[in-house]
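Below is one structure, written out as structure tokens; the observations come after it.
The values are calculated or read from the model by the stated rules, or taken from the named source; none is laboratory data. If you're wondering where the values come from, they're calculated on a predicted model, not measured in any experiment. Cβ placement follows ideal geometry from the backbone for every residue including glycine, while neighbour counts extend to all protein chains displayed.
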């Protein structure tokens, strides 16, 4: 296949949507010779913070000298972003090679896979081909029936904060969702969890006990006056990612890295050099722009806490229709003097006018805009801050528009 034919194949599978279950994945991995068997996989599930936690873990491992593969979704800038080794995106030739291998395996197995199943299998083929020392595998949705859970071994499981999200599929209580996330816990395995609410914590403990797995829950990190933090035996750790919630993500990553490498210098070096686009990413300039992938109530609440040091805040907000947009709006609305709503570029995107009407319940200063006009109007907020959030799907385009308008 050519690159164009590869993308056409991927896009053609999109019509099958999201289908939870492991049968197709297991059949494909059988046909591919179980590429995950030789990989040290760190499997990451959770509602919020998967990407940032993975970025911290990857940076620590790289500082120790390991080649680290990362499989992430959704992406912000380009398709190849899904498959990374040491922060570098897959090349087009390698992408064609791995997708072709998976397509042939699916045909040999007599199955029609979803896009996510193909991408997950392709990631494992790629990381095996490149002989990665560690692989960070992010769950797409849930965990128990997610395609990534077809792997037959993991180095450890990681569960970031759990909250209500995808309730139509995963369940309408935190406990039900926690049960789905806990599905990545392997028999006799090692599990690291963020601080959880009591209901989620109990479920994780019960599942770990049934699997005879050791589970470690994070403790609250101590944030120092200079912006560094202490965590257990590690002192004065500095992080480059902004947002108060990043300290907890870093603490969870520190637990994982203590188990994986137990090297304080590598942890400190890695955390200081960690980058992760679209997670409280702050730009220079006037006004300041903050790009954040907050896409559910818990994420929006964390973003609002991070914005407490800013004044004259305007929002550019676009949300998927299957998210709890009413709660997200209720949390966010009091913090902005003006809101520009946009429609995310996806069939799941909530119409900007519907989102505007929801914001109008709490604040009168709301207008529905195209993304370009929203950035134009936000740029007029001199001396203030513009927060762009609601879905990762349009952050990359928003960043490019801002770059073009400010740099010429």
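Summary of computed values
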quantity	calculated
Some residue of region 32-40 being modelled with pLDDT under 95, out of contact with any helix residue (DSSP H, G or I) (no Cβ under 8 Å at 6 or more places or on another chain) and part of a strand (DSSP E or B)	no
Unique match (being farther than 16 Å from residue 387 by Cβ and over 19 Å from the mean Cα position of the chain (by Cα)) among 274, 283, 327	327
Residues that are closer than 18 Å to residue 398 by Cβ and assigned to a loop (DSSP other than H, G, I, E, B), drawn from region 62-87	74, 75, 76, 77, 78
Selected residue (criterion: surrounded by the most Cβ atoms within 10 Å (Cβ to Cβ)) from residues of region 115-132 that are in contact with a strand residue (DSSP E or B) (Cβ under 7 Å, 6 or more places away or on another chain) and outside any helix (DSSP H, G or I)	132
Residue check for residue 262: part of a strand (DSSP E or B), free of Cβ contacts under 8 Å to residues at least 40 places away in the same chain and either over 20 Å from residue 400 (Cα atoms) or not assigned by TED's automatic domain parsing to the domain that holds residue 61 (or both)	no
Residue match in region 340-361 (condition: out of contact with any strand residue (DSSP E or B) (no Cβ under 9 Å at 6 or more places or on another chain) and modelled with pLDDT of 95 or more)	yes
Any chance residue 325 is surrounded by 15 or more Cβ atoms within 10 Å (Cβ to Cβ), touching a strand residue (DSSP E or B) at 6+ places or on another chain (Cβ under 8 Å) and within 15 Å of residue 297 (Cβ to Cβ)	no
Scope region 171-226; condition free of Cβ contacts under 8 Å to residues at least 12 places away in the same chain and either closer than 18 Å to residue 249 by Cβ or not assigned by TED's automatic domain parsing to the domain that holds residue 48 (or both); matching residues	222
Among residues of region 364-403, those that are closer than 17 Å to residue 286 by Cβ and exposed (fewer than 14 other Cβ atoms within 10 Å of the Cβ), counted	4
Search result, residues across region 90-116 that are modelled with pLDDT under 95 and under 19 Å from the mean Cα position of the chain (by Cα)	115, 116
Every pair of residues 6+ apart whose Cβ atoms lie under 8 Å, when the first sits in region 336-354 and is assigned by TED's automatic domain parsing to the domain that holds residue 15 and more than 17 Å from residue 300 (Cα to Cα) while the second is at pLDDT below 90 and surrounded by fewer than 20 Cβ atoms within 10 Å (Cβ to Cβ)	none
